[in-house]
Amino acid sequence: MVRLNPNDRFAKHPTPIERPPPPPPPPGVATGGKGSGGGGERTPRPASTSSSSSLSSSSSSSSESLTPSTPSSFEYEFGGPLGAFLTMVSLPIVTLLLIRWAARGRIVWEDVDVVRLLLASPSCPSSRFLHFLCPSCDDGPLVELPRCALVVFSWFAFQVILERVLPCELVEGAPLPDRHGGGRGGEERRLTYRINGHLAFWVTLMLLDVGWPRWIDVVVEGGAKAATTTTTGRGGPWPWPWSRRVPLTGGGRTTATRSVLTLGRAPLAWLYDHHAMLAFVTIAYAICLSTYLYAKSFALDDGDGDGDGGEGARRPPLLAAGGNSGNRVYDFFMGRELNPRSLGGTFDWKEFCELRPGLIGWAVLNMAMLAKQRDRLGYVTGSMVLVNVFQGAYVWDALYQERAILTTMDITTDGFGYMLVFGDLAWVPFTYSLQARYLVDHDPLLSLPALAGIVAVNVAGYLIFRGANGQKDAFRRDPNSVEVSHLTYLRTKRGTKLLTSGWWGLARKINYTGDWIMGLSWCMLCGFDSVVPYFYAIYFAILLVHRSVRDDRLCREKYGDDWDRYKSIVPYRFIPGII
């Protein structure tokens, strides 16, 4: 996933510093004119190296063949069909193992054998595997499993409702080449998006903190006839009660308890108790959604969501170039359709899943871990507070700049298949919350000086990340403004300006460096007793290196010799003077 600062790149007319119609530049490249935005890039997907990048050339038109690419002409990524299959199998296993190891506080290899039981009988998980998912379930795993399924479905449905009913800004996205032949003579489509994720974030937090329906028992006095009482039962997450009669006598009078509906804080600690089982259900849901979207890609779409209906409202869907190989396994993994839509073309599955259920769910899971630690210890540790603040701010920043995602490679280029669906819905909330999960049971109780040092690391990473992308964003908006007019740049043959001074004169991916430093500070809050909470820093470093290599190749294809000149001026990729 990519986070970028919003700017005026959605204007229908080119700015003075661009040549129409320029495709957005690859991510992390400081350029002038419209493009990928300037707020930086972040990715939650385990396999995707996607980020803001150039669209296919504007010459893409309806003359493109509707038949899938042949194996001899198609360029596979991620190891091709075999790599895609192995990734699809391994990601759920890795997710469940990481959750288990975060609870244990260390890597336990015997847990791998337990997870293999799921592969042996995926349609009927063994009792041992269910106990692995939820060792502390009050009513037993078989009873808790459908409850967790209902929670996950309700959460997703709740976010859909917020997307539908909250006030929104209708924003036109980047031009998308009509690869399925719906256009004529080089026609491109622009899709309209509902932008209200930031509001949905705050409404969700408010309801969880003060607006959750709860039933409290009150004692009432009456005659001999017993009152009817209601209870929530077992501390579950649901507000609706069931009834029972509980007569209480004493002092010559009959009393009874009655339940009264009030609003209060949601029992978030329940999410901690069912953490792994919720992950398992979410993984299953991601697989089902991926299957639905793959099947949907062979049918007519629901229109463009522009509300005009009429001719073209039902057209062949836009296909992703990288997910139309003809190999079913590979296309299922990469995503065959570019921007699948429903509800008359007004609901965009990809844009919704990129930011809503998983990203907000990550923040909610962190809050659940904080609530559990408070219940156990009677207080919240400094590390737990900071991990919620750091990661909560990260989520808020992404949602605050929601419209900036519309020109990223995730939206404009990559199909919406298993890779992105799993990453958005399962990988982000359940692996990015590992630090908070670890701290519930294994908090190192760091000293104030240690916490202050970690805050300094996080602030340094944020200043690099935000400073670099803010500078790029300001240069795109107005290269003659006072804050960026002193910067030097290389003008390419395409008319694009590549910054060669300031933050972007230090390293070509300096924003990646700041992003990784922030992630490292999250891990440092867990101390150094276990490698498990450092999974994010290790994984993210590998991912950023891989993504930078991919970006370099795309930029070389786009800019040609100009890119080689740019690299000679800015030779370092991440750290000035080192690498």
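List of remarks:
- Helices (runs of 4 or more DSSP H) enclosed by segment 493-564 - at least 2 residues per element that are closer than 15 Å to LEU434 by Cα and not aromatic (Phe, Trp, Tyr): 510-524, 535-559
- Yes/no for ALA474 being within 28 Å of the chain's Cα centre (by Cα), crowded, with 18+ Cβ neighbours inside 10 Å and in contact (Cβ under 8 Å) with a residue 12 or more places away in the chain: yes
- The residues of segment 402-412 that are surrounded by 24 or more Cβ atoms within 10 Å (Cβ to Cβ) and not aliphatic (A, V, I, L, M), listed by number, are GLU402, THR407, THR408, ASP410, THR412.
- From the list LEU150, LEU142, the one residue that fits, being modelled with pLDDT of 65 or more, hydrophobic (A, V, I, L, M, F, W, C) and over 30 Å from ILE411 (Cα atoms), is LEU142.
- Take the conditions (1) closer than 19 Å to ALA404 by Cβ; (2) in a loop (DSSP other than H, G, I, E, B); (3) hydrophobic (A, V, I, L, M, F, W, C); VAL482 misses just one of them, which is (1).
- Options GLU351, GLU337; residue that is in contact with a Pro (Cβ under 7 Å, 6 or more places away or on another chain) and either surrounded by fewer than 24 Cβ atoms within 10 Å (Cβ to Cβ) or acidic (Asp, Glu) (or both): GLU337
- Only residues that are under 23 Å from VAL152 (Cα atoms) and in contact with a Lys or Arg (Cβ under 7 Å, 6 or more places away or on another chain) were counted in segment 326-345, giving 1.
- Residue within segment 402-416 that is touching a residue at least 40 places away in the same chain (Cβ under 8 Å), among the charged types (D, E, K, R), under 23 Å from SER297 (Cβ atoms) and not assigned by TED's automatic domain parsing to the domain that holds GLY514 present: yes
- Residue match in segment 354-375 (condition: without any contact (Cβ under 8 Å) to a residue 12 or more places away in the chain and not small (Gly, Ala, Ser)): yes
- Filter pass, VAL459 being more than 27 Å from THR87 (Cα to Cα), of a type in the set (Val, Ile, Thr) and in a helix (DSSP H, G or I): yes
- Residue list for segment 427-442, filter: under 17 Å from GLN391 (Cα atoms) and not polar (S, T, N, Q): TRP427, VAL428, PRO429, PHE430, TYR432, LEU434, ALA436, ARG437, TYR438, LEU439, VAL440
- Restricted to segment 414-460, and to residues there that are buried (at least 23 other Cβ atoms within 10 Å of the Cβ) and of a type in the set (Ser, Thr, Tyr), the residue that is nearest to ALA102 (Cα to Cα) is TYR438.
- Assessment of segment 420-437 against the conditions (outside any loop (DSSP other than H, G, I, E, B) and farther than 30 Å from PRO92 by Cα) yields no matching residue.
- Complete set of residues in segment 517-568 that are within 22 Å of the chain's Cα centre (by Cα) and acidic (Asp, Glu): ASP551
- Residues of segment 438-448 satisfying the condition of being hydrophobic (A, V, I, L, M, F, W, C) and in a helix (DSSP H, G or I): LEU439, VAL440, LEU448
- Residue among TYR559, TYR489, TYR539, TYR512 that alone is surrounded by fewer than 21 Cβ atoms within 10 Å (Cβ to Cβ) and in contact (Cβ under 8 Å) with a residue 24 or more places away in the chain: TYR539
- Taken together, the residues in segment 555-571 that are of a type in the set (S, T, N, Q) and in contact with a Pro (Cβ under 6 Å, 6 or more places away or on another chain) amount to 0.
- Positions within segment 371-389 being closer than 19 Å to ASN458 by Cβ and surrounded by 22 or more Cβ atoms within 10 Å (Cβ to Cβ), in sequence order: SER383, MET384, VAL387
- Only one of THR249, THR232, THR255 that is outside the structural domain of PHE78 (by TED's automatic domain parsing), at pLDDT below 90, surrounded by fewer than 20 Cβ atoms within 10 Å (Cβ to Cβ) and within 20 Å of LEU145 (Cα to Cα): THR232
The values are calculated or read from the model by the stated rules, or taken from the named source; none is laboratory data. Here the structure is a predicted model, which means the values were calculated and not measured. All Cβ positions, glycine included, derive from the backbone under ideal geometry; neighbour counts span all protein chains shown.
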